[in-house]
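Every number here is computed from the coordinates shown, using simple stated rules; none is lab data. Keep in mind it's a predicted model, so treat the numbers as computed, not measured. Using ideal geometry, Cβ is built from the backbone for each residue, glycine included, and neighbour counts are taken over all protein chains shown.
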Amino acid sequence: MKEWLKRIVYEMFFKLYQKKILRGKLHVRSVDDTLRELLETRKSIVRFGDAEMNMIEGNSVEFQEYNEELSKRMYQILQFKNDDLMVAIPDIFEGLEGYTDKSQRFWKEHLFFFRSMYEKDCNTEKVYFNAFVSRCYYMFRDKERAGRWFREWKQLWKGQDVVVVEGNVSHNGVDNDLLEGVGSIERIICPSRNAYAVYDKIRETCLSYPINRLFLISIGNTAKVLTADLAAAGYRAIDIGNLDMEYEWYLLGADIKVHPKKHDYKTIHENLKAGYGKYVDEIKHCIK
């Protein structure tokens with residue numbers, strides 16, 4: 001189907017939502033409400049987006065080959081049965097006016113293909129939190145709110161002893177002040193692709209930490225299962241996803257997706273050469 005024709009189809013489909021001919025059964029709380037819940041409670045949060053829905057429906061995604069066990073676990077989490085775990089999905093069911101034109105086109109297409117899957121896979125009796133809480137700059141039309149949202153994020157871990165679980169090129173909080181003010185930082189470095197292949201090692205390493213650690217997790221689809229398992233074990237875990245990337249774009253005032261140079265450094269030697277000695281010192285475990 002030609003691109004212009006696809007856009008017309010997706011637009012017409014979405015207008016059925018606006019005219020309430022098609023009703024979305026799912027409801028999502030705002031970014032403000034989601035951050036408020038995080039700040040006022042000690043709950044953990046796990047976020048679902050287009051990649052997770054693809055995986056649940058049996059498809060491989062960019063950084064994770066399809067895994068049946070992972071797919072089943074994510075589906076179970078999406079059912080939202082643990083009140084101590086905030087489950088977040090995209091805020092796309094009751095209007096897209098707050099997003100840029102490009103983002104609106106993407107989510108209209110996504111909703112065209114995945115609407116019935118959301119209603120089938122999600123718990124329609126629950127109100128979900130907002131998955132865009134960690135994607136709070138680039139896709140929003142009003143960029144002014146991002147500064148306040150990032151300040152609230154930083155308040156969340158101020159003074160906390162933090163364990164960052166991330167891919168080997170992620171560098172969360174490196175070259176910026178996103179994690180400034182934490183009590184301490186330790187890092188568990190995981191594969192950037194197919195992290196679920198070593199999930200047992202990742203989980204056991206995390207469970208070796210004291211219960212008072214705050215886990216910030218950025219390992220794709222695997223983050224969903226790890227966050228849920230840590231929350232069930234009594235830890236507080238935050239699935240931050242690409243929050244650091246969004247913060248980089250916010251600091252630059254970017255209107256296009258800029259590739260941070262730090263994502264090119266994979267080895268200890270490359271990181272030391274780049275001047276990331278502090279980052280290297282924070283790495284306590286490398287899981288392969």
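With axes computed from alpha carbons, what is the tilt in degrees of helix 101-121 against the longest principal axis of the chain, rounded to the nearest 10 within 0 to 90?
90 degrees
Hey, what did the chain get for relative contact order, percent, Cα under 8 Å, at least 6 apart?
Working: 442 pairs, mean separation 63.4, N = 288.
Relative contact order of the chain: 22 percent.
Once the cut-off is 21 Å, how many percent of the Cα-Cα pairs in the range 89-247 end up in the long-distance tail? It would help to have the intermediate numbers written out before the result.
Working: 6614 of 12561 pairs.
Across the range 89-247, Cα pairs with separations above 21 Å total 53 percent.
If you look at just the Cα atoms of the range 133-202, how large are its Rg and its Dmax in Å?
Radius of gyration, then largest Cα-Cα span, for the range 133-202: 14.4, 41 Å.
Enter the angle in degrees (range 0 to 90, nearest 10) between the Cα long axis of helix 68-78 and the first principal axis of the Cα atoms of the chain, meaning the one along which they spread out most.
It works out to around 70 degrees.
Once you sort the root eigenvalues of the Cα gyration tensor of the range 190-288 as a ≥ b ≥ c, which label holds: rounded (a/c under 1.5), prolate (a/b larger than b/c) or oblate (the other case)?
Since a/c reaches 1.5 and a/b is larger than b/c, the shape of the range 190-288 is classed as prolate.
Contact order normalised by length for the range 103-251, with contacts defined as Cα pairs under 8 Å and 6 or more residues apart; what percent is it?
This gives 25 percent for the range 103-251.
Calculate the all-directions average of the projected area of the range 233-288's alpha-carbon convex hull, and give it in nm².
5.8 nm²
What does the helix-only formula give at 222 nm for the chain: each DSSP H stretch with n ≥ 4 adding -39500 (n - 2.57), the total divided by the residues, and the result rounded to the nearest 500 deg cm²/dmol?
-12500 deg cm²/dmol
How many angstrom separate the Cα center of the range 238-288 from the Cα center of the range 54-113?
Centre-to-centre (Cα) distance: 25 Å.
Would you mind checking the radius of gyration and Dmax of the chain based on alpha-carbon positions, in Å?
Taking only Cα atoms of the chain, I get Rg and Dmax of 18.8, 59 Å.
May I ask you to derive the relative contact order of the range 1-151, considering only C-alpha pairs under 8 Å and at least 6 residues apart, and to give it as an integer percent?
In percent, rounded to a whole number, it is 35.
With a Förster radius of 51 Å, plug the Cβ-Cβ distance of residue 270 and residue 68 into 1/(1 + (r/R0)^6) and report the FRET value to the nearest 0.05.
Computed FRET efficiency for residue 270 and residue 68 comes out at 0.90.
Could you work out the pair-distance distribution P(r) of the range 26-175 from its alpha-carbon pairs, with 10 angstrom bin width and percents rounded to whole numbers?
So the P(r) values, bin by bin, are 10, 36, 39, 15, 0.
Taking the 0 to 90 degree range and rounding to the nearest ten, how far is the long axis of helix 31-40 tilted relative to the main principal axis of the chain, both from C-alpha atoms?
With rounding to tens, the tilt is 40 degrees.
Check which residues have an amide H placed less than 5 Å from residue 236's amide H, if you skip close sequence neighbours.
For residue 236, whose amide H was placed from the backbone, the distant partners under 5 Å are 215.
Running a GNM on the chain with Cα contacts under 10 Å, which residue among 113, 63, 80 ends up with the highest mean-square fluctuation?
113
Give, in nm to one decimal, the length gained when the segment between residue 15 and residue 193 is fully stretched (0.36 nm per residue of separation minus the Cα-Cα distance).
On the way: separation 178, 0.36 × 178 = 64.08 nm, distance 3.75 nm.
Here the segment from residue 15 to residue 193 would lengthen by 60.3 nm.
Each residue of the range 270-277 in order: what ³J(HN,Hα) in whole Hz does its phi give by Karplus 6.51 cos²θ - 1.76 cosθ + 1.60, θ = phi - 60°, with x for Gly and Pro?
For the range 270-277, the Karplus-derived couplings read 5, 5, 5, 5, 7, x, 9, x Hz, x marking Gly and Pro.
Around residue 285, which amide H atoms from residues at least 5 apart in sequence, or from another chain, sit under 5 Å from its own amide H, with H modelled in the peptide plane?
187, 189
Under a point spin-label approximation (7 Å from Cα along Cα-to-Cβ), what is the residue 175-residue 145 distance to one decimal in nm?
Computed distance between label sites residue 175 and residue 145 equals 2.9 nm.
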